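Written out below as structure tokens is the structure these notes cover.
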Amino acid sequence: MGNALFMLEKYEESVDAYTRALAINESTLCHYNIAVAYSDMEQLDKAAEHYQKAIDMDEANVEAYMSLGDIMIKINNMPAALQAFTAVLEYEPENIEARE
């Protein structure tokens, strides 16, 4: 349900659906999807919070680290961005985006 709502660009409704899913079964994917929706709504603090929750559940979640790093750049938190991109390189040393 959350994915369908997200595809229709009904981001708030998709967050609600993902949040209901989290109540049943907390998962990295739900936190990641919530973060993406918040990011698309420019609610960067909430997006960062859910990217971090996804990372806390799966420390090898490179996509969450990359997205978190991008958000940290947008909010001008360069130390946190560097930390996120460094984590990406720990898991994917060849990742060109993280090196930039």
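Readers should treat all values here as calculations from the given coordinates under stated rules, not as data from a laboratory. Note that the structure is predicted; figures quoted are calculated from it, not measured. We place every Cβ from the backbone using ideal geometry, glycine too, and count neighbours over all the protein chains shown.
Observations, loosely collected:
- One residue stands out in the range 53-62 among those that are of a type outside the set (D, E, K, R) and crowded, with 17+ Cβ neighbours inside 10 Å: the one that is nearest to PRO93 (Cα to Cα), namely VAL62.
- Single condition ILE71 does not satisfy, out of (1) out of contact with any Leu (no Cβ under 6 Å at 6 or more places or on another chain); (2) touching a residue at least 12 places away in the same chain (Cβ under 8 Å): (1)
- Qualifying residues in the range 16-31 (those that are closer than 16 Å to ALA4 by Cα and among the charged types (D, E, K, R)) - the one surrounded by the most Cβ atoms within 10 Å (Cβ to Cβ): ASP16
Quick grid of which residues meet (1) crowded, with 21+ Cβ neighbours inside 10 Å; (2) under 15 Å from the mean Cα position of the chain (by Cα):
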| site | (1), (2) |
| --- | --- |
| ASP45 | no, yes |
| ALA64 | yes, yes |
| ALA80 | no, yes |
| LEU89 | no, no |
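- Residue count for the range 7-21 under the criterion of being touching a Gly at 6+ places or on another chain (Cβ under 9 Å) and not aromatic (Phe, Trp, Tyr): the result is 8.
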